[in-house]
Amino acid sequence: MDKIELIGLSKEELAAEIIKIGEKPFRAKQLWQWIYLKGETDFDKMSNLSKDLREKLKELYTISRPKIVAEQISKDKTHKWLLEFADGQRIETVYIPEEDRGAVCISTQVGCAVGCKFCHTGSQKITRNLTAGEIVSQFMVARDAYGEWPTPTDETRFLSNIVVMGMGEPLHNPENTFKALKILSDGEGISISKRKITLSTSGIAPRIASVARDLGVKLAISLHAPNNEKRSQIMPINDRYPIEEVLKACQEYQEIVGRGRYITFEYLMLKDFNDSLDDARELIQLMKKYKIGAKFNLIPFNPWPGCSYEPSSNNKVHAFSRELENAGYEAPIRVARGQDILAACGQLKSKKSEANPL
Ligand code: SAH
Ligand code: SF4
């Protein structure tokens, strides 16, 4: 019989396993802490469990990490891992350090079915969803690398935030993604608070409210255009869920989490496509109409081999940002990180290509 992987089981599922093998429920709590608080992968080192129990666990279960096929660290310290799971499928995970904190950018699918025209991941067809364990273990690989076990106090953490902005559309894999984020935010383990987790979606409208209802993490919407005509040209998903539906779902999200919790609208600046002042004004009208507590994140386009778009000029990006700020919206310009190792937004891809020959 195949051994069962413990990473990715919910607390309740872990407790059920422990009861199944005839142990008391509090053992499940001890095991949870070994796995998620201390990062232990070796049953023999779990010193408060009896030898008998450790033997039993070794026989029936595993605690593993994906294989690190390659890792690169960019000039700006952005760290990228190419990870391989048991079936040989590969994804990328990125750590983006800042002075006294940092975000781990995790993937939720191998490839992506949304197929946005500007996205390197989108040019790789969807292969499969990641399991909850595969999503959680990406963060654990990053923690291993920086030795942040046991879970440090908030003030001293380098790996302080999680952004679900890697490969894949999280709301095409909501069950596993939500389960993983619940494990990652659990206070007796890895303990990343929900206020420090941001889920980014291309706008799968019917599932947006559940991000508030079932999870309570922060929300980012990849908007990238001020009207349906333009958005559909770069994001085919817009034909299925047009802007109006996405924004209505955002209203619902905000009714649940409270208006004070702003939604971030990501806006990719594409040269001569969506970067004029008229585009900015149209965007402002749109936000005013739906009365959403919003802030923007202006994203310089990260080119990749074979893409046909070009980044907007600095002047245009700054003028666009000023227009939004004058209308009362925060609109910082995102600094591209890890470009030299293709670790920046939209550059991830795990299949062989000229850019990624591994
Ligand atoms: N699928 C989700 C999350 C992953 S993509 C989503 O689309 O929101 C994370 C972010 O990177 C999105 O805002 C996406 O639009 C952006 N992105 C994609 N390709 C990019 C590129 N080439 N340059 C800069 N950002 C890009
Ligand atoms: Fe998929 Fe997001 Fe890339 Fe679009 S931007 S193809 S939704 S990963």
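At a glance:
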{"read-out": "Qualifying position, being among the charged types (D, E, K, R) and either within 15 Å of the chain's Cα centre (by Cα) or surrounded by 21 or more Cβ atoms within 10 Å (Cβ to Cβ) (or both), among K125, K117, K196", "value": "K196"}
{"read-out": "Number of positions in region 117-150 that are over 23 Å from L171 (Cα atoms) and out of contact with any Phe, Trp or Tyr (no Cβ under 8 Å at 6 or more places or on another chain)", "value": "4"}
{"read-out": "Cβ-Cβ under 7 Å pairs, at least 6 apart or on other chains, region 280-305 side more than 14 Å from N227 (Cβ to Cβ) and assigned by TED's automatic domain parsing to the domain that holds C119, far side polar (S, T, N, Q) and crowded, with 22+ Cβ neighbours inside 10 Å", "value": "I292/Q254; G293/Q254; N302/Q347; W304/Q347"}
{"read-out": "Contacts under 6 angstrom Cβ, first residue in region 105-121 being among the aliphatic types (A, V, I, L, M), partner open to solvent by 10 Å² or more (accessible area, probe 1.4 Å) and more than 6 Å from ligand 2 (Cβ to nearest atom), 6 or more apart", "value": "I106/G166; V110/Q89; V110/T127; V110/R128; A113/I126; V114/I237"}
{"read-out": "Residues of region 275-293 that turn out to be in contact with a Phe, Trp or Tyr (Cβ under 8 Å, 6 or more places away or on another chain) and within 19 Å of A220 (Cα to Cα), as a count", "value": "5"}
{"read-out": "Residue check for P170: within 16 Å of ligand 2 (Cβ to nearest atom), under 19 Å from V217 (Cβ atoms), of a type outside the set (V, I, T) and surrounded by 21 or more Cβ atoms within 10 Å (Cβ to Cβ)", "value": "yes"}
{"read-out": "Any hit, region 130-144, residues being basic (K, R) and open to solvent by 30 Å² or more (accessible area, probe 1.4 Å)", "value": "no"}
{"read-out": "Within region 206-218, tally of residues that are within 14 Å of ligand 2 (Cβ to nearest atom) and either modelled with pLDDT under 95 or open to solvent by less than 10 Å² (accessible area, probe 1.4 Å) (or both)", "value": "1"}
{"read-out": "Test: S107 is assigned to a loop (DSSP other than H, G, I, E, B), surrounded by 22 or more Cβ atoms within 10 Å (Cβ to Cβ) and polar (S, T, N, Q)", "value": "yes"}
{"read-out": "Count - residues of region 86-102 that are open to solvent by 20 Å² or more (accessible area, probe 1.4 Å) and either in the same structural domain as W32 (by TED's automatic domain parsing) or within 23 Å of E40 (Cα to Cα) (or both)", "value": "1"}
{"read-out": "Subset of region 155-175 (residues that are within 13 Å of ligand 1 (Cβ to nearest atom) and small (G, A, S))", "value": "G166, G168"}
{"read-out": "Qualifying residue in region 230-252 (condition: buried (at least 18 other Cβ atoms within 10 Å of the Cβ), touching an Asp or Glu at 6+ places or on another chain (Cβ under 7 Å) and not aromatic (F, W, Y))", "value": "no"}
{"read-out": "Residue in region 125-132 that is without any contact (Cβ under 8 Å) to a residue 24 or more places away in the chain, assigned by TED's automatic domain parsing to the domain that holds K230 and more than 11 Å from ligand 2 (Cβ to nearest atom) present", "value": "no"}
{"read-out": "One residue from G328, G306 being at pLDDT 95 or above, in a loop (DSSP other than H, G, I, E, B) and surrounded by fewer than 19 Cβ atoms within 10 Å (Cβ to Cβ)", "value": "G328"}
{"read-out": "Verdict on F320 being surrounded by 15 or more Cβ atoms within 10 Å (Cβ to Cβ) and either in contact with a Leu (Cβ under 9 Å, 6 or more places away or on another chain) or modelled with pLDDT under 95 (or both)", "value": "yes"}
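The values are calculated or read from the model by the stated rules, or taken from the named source; none is laboratory data. Worth saying up front: this structure is predicted, and the values here are computed from it rather than measured. For neighbour counting, all protein chains shown are included, and Cβ atoms are generated from backbone atoms with ideal geometry for every residue, glycine included. Side chains are part of the model used for accessible areas, which takes the heavy atoms of the whole protein and leaves out ligands, DNA and RNA. Shrake-Rupley method; radii C 1.70, N 1.55, O 1.52, S 1.80 Å.
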